[in-house]
Structures are given as C-alpha cells and as structure tokens.
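The values are calculated or read from the model by the stated rules, or taken from the named source; none is laboratory data. No experiment lies behind these values; they were computed from the predicted model shown. Cβ sites come from the backbone with ideal geometry, for glycine too, and all protein chains shown count toward neighbours. SASA here: full protein model, heavy atoms, side chains in, ligands and nucleic acids out. Shrake-Rupley method; radii C 1.70, N 1.55, O 1.52, S 1.80 Å.
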Amino acid sequence: MYKLIKRLFDILSSGMALLILSPLLIPIMIGLKLTGEGYIWYKQERVGFKNKLFLIWKFATMLKDSPNMKGGVITTKKDPRITPMGGFLRKSKINELPQLINIFKGDMSVVGPRPVMQVSFDAYPKHVQEVIYNVKPGLTGIGSIIFRDEEELITEVKNRGEDTWEFYSNKIYPFKGEVEKWYQENQGFITDVKIIIVTAWVILKPESEIVYKWFKGLPKRPF
C-alpha cells in the first residue's frame, strides 16, 4: 500500500508543481537561453532504481564541457565552470526542479537517495551498491539534507590540498550509503513527509540540525 500511495503522491505532486511553478520556470529558461552558453537543459545518465541507468533533467548551471575540464565531475563552491545564473540556481536548488519531469515519468520519486553518475556509483562500497537503489532515487532525501553543504565541504578539502575524489570515495560515499540504508529500514509515508518538511526548512535555515532531532537512530555525520 505504501508503494502505491507513494507513486500516486509522486504523480500528483510533480504534476501540480510543474503547473504552479511554470511562471517561475519559464523566465529561468529565457534567462539561461540569453546567458552563459545559451543552453537550458542539462541531461545526463544517472544510476537509478535497481541500478538501471536513466536520463536526469536539470537546469544547466555549468559549462557544457565541464566534465572534461579541470575539476572533472566534482564541483566546488565558486567553481569557475559555473555559468552566470548557475550559482544562484545551485544555491537555491532551483536547478533541480526539472527533475519533476523525471518524477512524473516514474524514473524518480520525490524522496529517495540522490541518483549519481556511474563513476560515482562505482565509488560506493560493494555492499552499498547492492542495496542503495532498491528504492527509486529522489529529488530530496535524508542524504541530501545531511550533505546540503557538500560543495562547501569539498571546497574546504580542496583548499587544504587534499585529494577531493579520495575524500568522496573514502569518507562521503561510505557514510551516504549508511544513511540511505537507514532510510530503507525506516521508510514510510510519515518519514517521507518529514523529509520533505525538513528539506524546506534547511533551505531557509542551512545551519539547522533539526534532522537529528526529527529522525531517531540516524547515523551522525563524522566530519
């Protein structure tokens, strides 16, 4: 019953959001067309449900060839590859809104683990790879909340002269895996609603630690 309710909620919420937000989305599309390299959509293969690949939609915030430029797949705060509108769109998370299309189609859910590129998925420990996408990836999730400052964190690592990819592989990905395993063990409609509320709250109050007050037994971030 939970899976059925969740899918119905995904269809209704994503469909309504696309209609309600269209007055916001259309000006952004025009702005992106007139700035940067003039392209609107960022589409990329990501690992999804049952480890199958799908095409994710986002607003373009980086230069087209950014994966092949210095920095690769890792983005830091004030990354020089970010387009003129990209910084605002990324900080406000508005760049993620086109994923409402993925949710409506059924590639994603409102709540779930963030979908990653194959190279990032391969960096997860094997035991995490086997279970993390037993649920659909989400627009937001418990891992997204805990690592809402991910770009700032990676920037600090880079400024210390440390290897950012090694930090991802040895610190971030193993912990994200444990967090998402917690979600699968505790998933339910109430948990999902609480994650949506907390997501909205931490966008307004990034320094808030409400996530650990609302979700008991959640692994504490070690760094």
Among 54, 67, 84, which residue has its Cα positioned farthest towards the positive end of the charge dipole of the stretch 26-143, with +1 placed on the Cβ of Lys and Arg, -1 on the Cβ of Asp and Glu, and the dipole taken about the Cα centre? 84
Mind ordering 28-36, 97-105 by average Cβ neighbours within 10 Å, highest first? 97-105, 28-36
Could you run the Karplus curve 6.51 cos²θ - 1.76 cosθ + 1.60 with θ = phi - 60° over the stretch 41-54 and give me ³J(HN,Hα) per residue in whole Hz, x for Gly and Pro? 9, 10, 10, 8, 6, 10, 7, x, 3, 6, 6, 8, 7, 9
Structure-based [θ]222 nm, the chain - -39500 (n - 2.57) summed over DSSP H runs of at least 4, per residue, nearest 500: -14500 deg cm²/dmol
Farthest positive-ward along the chain dipole, Cα basis, beta-carbon charges - from 119, 188, 211: 188
Tell me which residues come under 5 Å, amide H to amide H, from residue 57 once H is placed; ignore anything under 5 positions away on its chain. 102
With +1 on each Lys and Arg Cβ and -1 on each Asp and Glu Cβ, how big is the dipole of the stretch 77-192 about its Cα centre, in debye rounded to the nearest 20? 340
Please build a GNM for the chain, connecting alpha carbons under 10 Å apart, and tell me which residue among 132, 146, 190 fluctuates the most. 190
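For the chain, which longest stretch is free of loop sites, where a loop site is one of the GluC sites (Glu not before Pro) that DSSP puts outside H, G, I, E and B and that has at most 14 other Cβ atoms within 10 Å? Before the final figure, lay out the partial values.
Numbers: sites that count: 37, 130, 162, 207, 209.
With GluC sites (Glu not before Pro) excluded where exposed in loops, the chain gives 38-129 as its longest stretch.
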For the chain, the helices passing both cut-offs (Cα extent along own axis of 18 Å or more, Kyte-Doolittle mean at least 0.5, full DSSP H runs) are 2-34, 189-204
When the dipole is taken about the Cα centre of the stretch 5-85, and only Lys, Arg (+1) and Asp, Glu (-1) are charged at their Cβ, what size is it in debye, to the nearest 20? 260
Using a 1.4 Å probe and ignoring any ligands, DNA or RNA, find the accessible area of residue 41 and quote it in Å² to the nearest 10. 80
Karplus-derived 3J(HN,Hα) from phi for the stretch 91-103 (6.51 cos²θ - 1.76 cosθ + 1.60, θ = phi - 60°), whole Hz, x at Gly and Pro, runs 5, 7, 6, 5, 4, 7, 4, x, 5, 4, 5, 4, 5
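Suppose accessible area is computed on protein heavy atoms with a 1.4 Å probe; arrange 69, 108, 85, 1 from highest to lowest.
Details: 69 75, 108 0, 85 45, 1 165 Å².
Sorted descending by solvent-accessible area, the residues read 1, 69, 85, 108.
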So how do 78, 58, 136 rank on accessible area, 1.4 Å probe, biggest first, that is with the largest at the start? 78, 136, 58
Residue 62's amide H: which non-local residues (gap 5+, or another chain) put their own amide H closer than 5 Å, with H modeled 1.01 Å from N in plane and none for Pro or chain starts? 83
Between the alpha carbon centres of the stretch 1-25 and the stretch 107-127 the gap in Å comes to 22
State the percentage of accessible surface on the chain attributable to carbon and sulfur atoms; use a 1.4 Å probe and exclude ligands, DNA and RNA. 63
To the nearest 20 debye, what charge dipole does the chain have about its Cα centre, counting +1 at the Cβ of each Lys and Arg and -1 at the Cβ of each Asp and Glu? 380
Normalised radius of gyration for the chain, please: alpha carbon Rg relative to 2.2 N^0.38 Å, two decimal places. 0.99
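Among the trypsin sites (Lys or Arg not before Pro) within the stretch 109-188, which fall in a DSSP loop and have no more than 10 other Cβ atoms within 10 Å of their own Cβ?
For trypsin sites (Lys or Arg not before Pro) across the stretch 109-188 that sit outside H, G, I, E and B with at most 10 neighbouring Cβ atoms in 10 Å, the list reads 160.
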Can you give me the solvent accessible area of residue 9 with a 1.4 Å probe, rounded to the nearest 10 Å²? 80
